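Scroll down for the structure; my scribbles are underneath it.
The values are calculated or read from the model by the stated rules, or taken from the named source; none is laboratory data. Predicted, not measured: the structure shown is a model, and the values here were computed from it. We place every Cβ from the backbone using ideal geometry, glycine too, and count neighbours over all the protein chains shown. Protein only, heavy atoms only, side chains kept; ligands, DNA and RNA dropped before computing areas. Shrake-Rupley method; radii C 1.70, N 1.55, O 1.52, S 1.80 Å.
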Amino acid sequence: MKPTPFAAVRLAGRLIAWLVSIATMRAEVSSGIIDSGHYRDPATAQAAWVPMRGTAPVAPATVQGHDALRLPCNFAGTTIERASWDRAVTLDLSASRGVQFEFLCPDIAPISHFSFFFQSGGGWYSATFFPEAVNRWCTVTIDKSATRIEGQPAGWHRITAIRVSAWRGGDASTELFLRDLRVCGGLGIDASVAVIQGESVARQSAGEARSVMQFTESITTGFDSFGVGYATLSDLALDAATLRQAKLVVLPYNPSLPDTAIAALRGYLESGGKLLAFYTLPRELQAPVHLSLGRLLKADDRPARFAAMRFAADALPGAPALVKQRSWNVREATPDAGAGRVVAEWSDDQGQPSGAAAVVATANCVFVTHVLLADDLPNQRRLLLAAAARLAPDLLPEAVTAGLNHLGRIGDHRDFTAAADWIAQQPRLAAHSALADAKALRTRAQQFTANRRYLEALDVLPRAAQRLLDAYCLAQRAVPGEFRAFWCHDAFGVNGLDWDTAIKRLADAGFTAVLPNMLWGGVAFYPSKVLPVAPDVAKRGDQIAQCLAAAKKYGVQVHVWKVNWNTGHRVPAAFLEQMRREGRLQASSKGKEEPWLCPSHPANQQLEIAAMVEVARDYDVAGIHFDYIRYPDNDHCFCAGCRERFARATGAAVANWPADVLNAGPRRAAWLDWRRANIDTVVRAVSEQARAVRPTIKISAAVFRNWATDRDGVGQDWKLWCDRGWVDFVCPMDYTDNDRQFEAWVKQQKIWAGSVPVYPGIGVSSSHSRLPADRVIGQIEIARRHGLPGFTLFNYGAVESAELLPLLGLGTTAKR
């Protein structure tokens, strides 16, 4: 059928608009700009940015004096999970840090979070983000080192499309504005350090992918904190020409490297390049850096064998004398004779030398014998900078200048003057004294910098920052009567402390509750008659009883935390095999087994209920706490028992299994209702039976943050639990380092919970966030500002006990 003349003209117009947009894009990319956000008319913008199904089209706009692209999020009256737009591009990001853009959202409340995707070959790289401010322009950076891999991408040198997504967090519509999308961190332009990401390894193993991302990001965030420009390069696309632009190359965690990458790195080193490497180094690269790696040393026989790196005096200028880091494995490393030296050795938790090298330095390499962790973050970052500066001295003045500029960026304050002015206005004299110390130390650092004595400035800066943090914490005010809790993930408490000491520290800092993880789906850490008992209980005793005795002594509530369904990594093999034999484990839609108990199996439901009621009956606890009270994801459970039980519950067999209950399947809605009901059954029964045996007990749950989508995604209908009174409080796991995102979440969660208290979970040391003390205080203050009567911090460990608790106890949670 031929198009009508009118249709042909319209088609031609769209084609011209598309060609113009492609030509404009190519011209901009050559100058670092991917998309300026400036379009002459809606047709041109819509030709470039294609909405996903159900999403409204883009349009040009002018906002707060800037031309921008408007992206409407039409959540009101729709069921779309997210609003998304795709943009075709031809990008080579192999030698860059990532991308940046300017972003504005006038009303962020309807959005749970944002995602940015890069399409490459048969897969994607993706990252989540959230703007730092609401209703004003702010810069968003998408760092390659923080992206996850989906599918089989062809590499950062072959990016063919980008996608922006806003995920539903409520039922109201809103809009986004984007401009100046650009490449950032170009090696040889605004970056001098190349960080090599082990993408080749990440593609082979999901577990290794997480490790590669974690340890690469620990390096890049460290450089970022010092203002050192870096580019993240994939090991799949390394070449000698690119590496020659780097003053320093870093291998953060690269258990293997492709042959092409090894050849490029060897050529770089042989032509005078410098290398900072952690934990592993291919044999082919050891000779060029004049060191040899030996066997792997494990800390299994002495868990605290590798507890700290102790530096020889003046061996690595700028490094701390001691860097605490509890490593589980280290690699033997020896410098070639006369070519280098061991500059730091491992010591145990008693300060005794372990006999193993921690850091080895040669003329062109610094090698750290384990990955860089985050349990002593300020000192670990100083080690990173000192090692980098030894190899590339030009980085030192850059980092010291950035450190001076960064000093004072504490809480919501953007510079030293603003922070000092606020502290001076607060009434506590101790805060004023600490502030005076911080000012004096800052002046000394400025003088050292002016005289180019950068190492001395670097030594003073952390002390200035610490005294400013002390002053900031002392200036805070406590709110009486609120619920202040820590989750404690280890059933045996804080590593290195007994329960009495750990609970006393909580009480001394003004905390009122602890939520210790004492039981899982397949193991208990007390003499349970319902669940298998962990073997360590025979040696170390009943952990609930020990925790409870200490808590009663110091006036702290104990809410025993159970991980539901997930059998746990300490589950006895015989129990797991029994569950497998009886058809009680979960399966994905493709039939892959998951070591979680199936929530639809009546025996599993009864096991979960009985285990929690046993704790309520046998121990005088303040509460019991659900966790993992959900499915693992939207792809579970599809075991044979689920098919049979769903058919029986709904009165009709499933003809096409599992297609009929998957997305867009004819029985999807009934399936989602049935999944939720399986979880609800356990919550209701535990609530009723636990209250029957202990009327004063409080029932609570750690829940996913976005009820609107998670009730379908993981079957967790926690708003219903609040409405029905089955829980006495909820702790949404609001783990983020972005205060605006945290605030948007808690505002909405308070509405969903109704009259039930919300004690938001703050991710001090979670897999999604690591927060310094001032950011923890900031999120506590956000919760208070919105009228929430308490908060819960994750996780109570050795660092939190020794470092965070004393700082919070100075003001925010002080007992006064």
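For residue 149, the accessible area of its heavy atoms, probed at 1.4 Å with every protein chain present, is near 60 square angstrom.
What accessible area per residue, rounded to a whole number of Å², is obtained for the range 92-229 using a probe radius of 1.4 Å?
Per residue, the range 92-229 has an accessible area of 32 Å².
Beta bridges from DSSP with both residues in the range 662-795: antiparallel share about 10 percent, rounded to the nearest 5. How many nm is it between the label spots at residue 245 and residue 259, if each spot is 7 Å from the Cα in line with the beta carbon? Going from the residue 245 label point to the residue 259 one covers 2.8 nm.
How much accessible surface does residue 569 have with a 1.4 Å probe, in Å² rounded to 10? The accessible area comes out at roughly 150 Å². For residue 411, what is the net charge nearby, where nearby means another residue's Cβ is under 9 Å from its Cβ and Lys, Arg count +1, Asp, Glu -1? Summing Lys/Arg as +1 and Asp/Glu as -1 gives -1. Its Cα centre serving as origin, the range 316-380 has a Cβ charge dipole (Lys and Arg +1, Asp and Glu -1) of approximately 120 debye. A full extension of the chain between residue 80 and residue 295 corresponds to an added length of 72.1 nm, given 0.36 nm per residue minus the alpha carbon distance. For the range 243-302, the orientation-averaged shadow of the C-alpha convex hull comes to 4.7 nm² (one quarter of the hull surface).
Taking the Cβ of residue 260 as the centre, find all other residues whose Cβ is under 9 Å away and add up their charges (Lys, Arg: +1; Asp, Glu: -1).
Neighbour charge sum, excluding residue 260 itself: -3.
Considering only 638, 293, 596, and ranking their Cα positions along the charge dipole of the chain that arises from unit charges at the beta-carbon of Lys, Arg, Asp and Glu, the one farthest toward the positive end is 638.
The DSSP beta bridges internal to the range 425-559 are antiparallel in roughly 10% of cases.
How many percent of DSSP beta bridges within the range 229-336 run antiparallel, rounded to 5?
On the way: 9 of 12 bridges.
About 75 percent, rounded to the nearest 5.
Taking amide H atoms as placed 1.01 Å from N in the peptide plane, the amide H of residue 628 lies under 5 Å from those of 564, each 5 or more residues away in sequence or on another chain. Using 12 Å as the cut-off for backbone N distance, which residues of the range 155-175 belong to the label zone defined by a point 7 Å from the Cα of residue 90 along Cα→Cβ? Under cut-off, by backbone N: 159-160. Going through (1) 41, 38, 29; (2) 45, 32, 24; (3) 51, 36, 23, the figure that equals semi-axes √(5λ) of the Cα gyration tensor in Å as computed for the structure here is (1).
For the range 38-121, calculate the relative contact order in percent as a whole number, restricting contacts to Cα pairs under 8 Å that are 6 or more residues apart.
Relative contact order here is 24 percent.
Placing pseudo-labels 7 Å out from each Cα toward the beta carbon at residue 135 and residue 573 gives an inter-label distance of 6.2 nm. Rounded to the nearest 20 debye, the dipole size of the chain about its Cα centre is 720 debye, using +1 on the Cβ of Lys and Arg and -1 on the Cβ of Asp and Glu. Relative contact order of the range 656-770: 22 percent, from C-alpha pairs under 8 Å at least 6 residues apart in sequence. If you take the Cα centroid of the range 333-378 and the Cα centroid of the range 752-816, the two points sit 35 Å apart. Among the listed pairs 504/539; 592/698; 298/698; 529/590; 324/539; 324/815, those whose Cα-Cα separation exceeds 32 Å are 592/698; 298/698; 529/590.
The aspartates and glutamates within cross-link reach of residue 247, meaning a Cα-to-Cα straight distance under 13 Å and a gap of 8 or more places when in the same chain, are 190, 394. Compare the Cα positions of 312, 119, 464 along the charge dipole of the chain (+1 at Cβ of Lys, Arg; -1 at Cβ of Asp, Glu; about the Cα centre) and return the one farthest towards the positive end. Result: 119. Counting charges near residue 324 (Lys, Arg +1; Asp, Glu -1) among other residues having Cβ under 11 Å from its Cβ returns a value of -2.
Using a simple spin-label model with pseudo-atoms 7 Å out from Cα toward Cβ, residue 814 and residue 644 lie 6.4 nm apart. Annotation for the range 446-499 versus the range 684-715: alpha-carbon center distance of 35 Å. Taking all protein chains into account, the per residue accessible area for the range 299-388 stands at 39 Å² (1.4 Å probe). Considering only alpha-carbon pairs that sit under 8 angstrom and 6 or more positions apart, the relative contact order computed for the chain is 8 percent. Probing with 1.4 Å while keeping every protein chain in the model, the per residue accessible area of the range 672-802 equals 33 Å².
For residue 800, the solvent-accessible surface computed with a 1.4 Å probe is close to 20 Å², ligands and nucleic acids excluded.
The residue list 154, 99, 187 was ranked by how far each Cα lies along the charge dipole of the range 88-198 toward its positive end, using unit charges on Cβ atoms, and 154 comes out on top.
Long hydrophobic helices in the chain: the complete DSSP H runs spanning 15 Å or more by Cα along their own axis with mean Kyte-Doolittle hydropathy of at least 0.5 are 5-29, 395-406. With the helix formula -39500 (n - 2.57) applied to DSSP H stretches of n ≥ 4, the chain reaches a computed 222 nm mean residue ellipticity of -11500 deg cm²/dmol.
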